[in-house]
Structures are given as structure tokens and as C-alpha cells.
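Asks: Attaching a single structure in C-alpha cells format; questions to follow.
Computed from the coordinates by the stated procedures, all read-outs in this text should not be read as laboratory data. No experiment lies behind these values; they were computed from the predicted model shown. For neighbour counting, all protein chains shown are included, and Cβ atoms are generated from backbone atoms with ideal geometry for every residue, glycine included.
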Amino acid sequence: MKVILLSLIFLFSLTTATQAQKVFAVEYSNQADVKVFVVKYENQADLKVFKEKYENQAGDNDGKWFFVKYSNQADKKIYFVDYENQADVKIYFVQYENQAGWRNQSKRHYFY
């Protein structure tokens, strides 16, 4: 029973860790998992993003991002494109944590 419980805890920790939104901005588009474009207005975004100050505050694919210093620490590598039509996901940076979240659920799969 103890082994089963420990196994379940281990599996649960793996699934939660892979969904955390620790991101790293790469220099070249071919290095990225997801290409993003920052829009000027909230209503144009697929995802509203809040930049967290601490790594442990990063969310589970809910728009709460923590930017890591090194690419090997990131769950997703992103590239900021110059034009909207080059992006996989359009984002808007919000001021408050409770504003973060998906506006277009069909794009959610890019960050799993």
C-alpha cells in the first residue's frame, strides 16, 4: 500500500511539473516551442499573461509565467515574433495576477 501511494505521489508530481509555466525567451525562432506576439489591446489576445516574481508562483497553463535565466530550466521556450501573422499565440501582459488566463481556449495546447 505504501509503495502504491508513493508511486501515485511521484506520478502526480511529474504531471504538475510539466504543466508549470516557466518560460525562456530564445533568440531564434527555430529554437522555440511556441512563437508569440504581444498585442496592444487585451481583446486581441489569445492569452493574458502575468509575469510572476518567483518561480514557485508559476501557474499551470493559466497565464502565470515565470521567466527563467537559462533555457534548460524552462518548460517552454518562446520566441517573440515581429508580426502577428507569424505567431502561434497572441499574448497581452496584464498588471494583476487575477487578470491572467486564456481568452481563446483552442490555443491552450501550445503550452502543454
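Asks: Quick one: how many lysine pairs in the stretch 22-82 have C-alpha atoms under 18 angstrom apart, if they're 8 or more apart or on different chains?
Replies: The result is 28.
Asks: Given a Förster radius of 25 Å and the C-beta distance between residue 69 and residue 28 as r, what FRET efficiency does 1/(1 + (r/R0)^6) yield to the nearest 0.05?
Replies: 0.90
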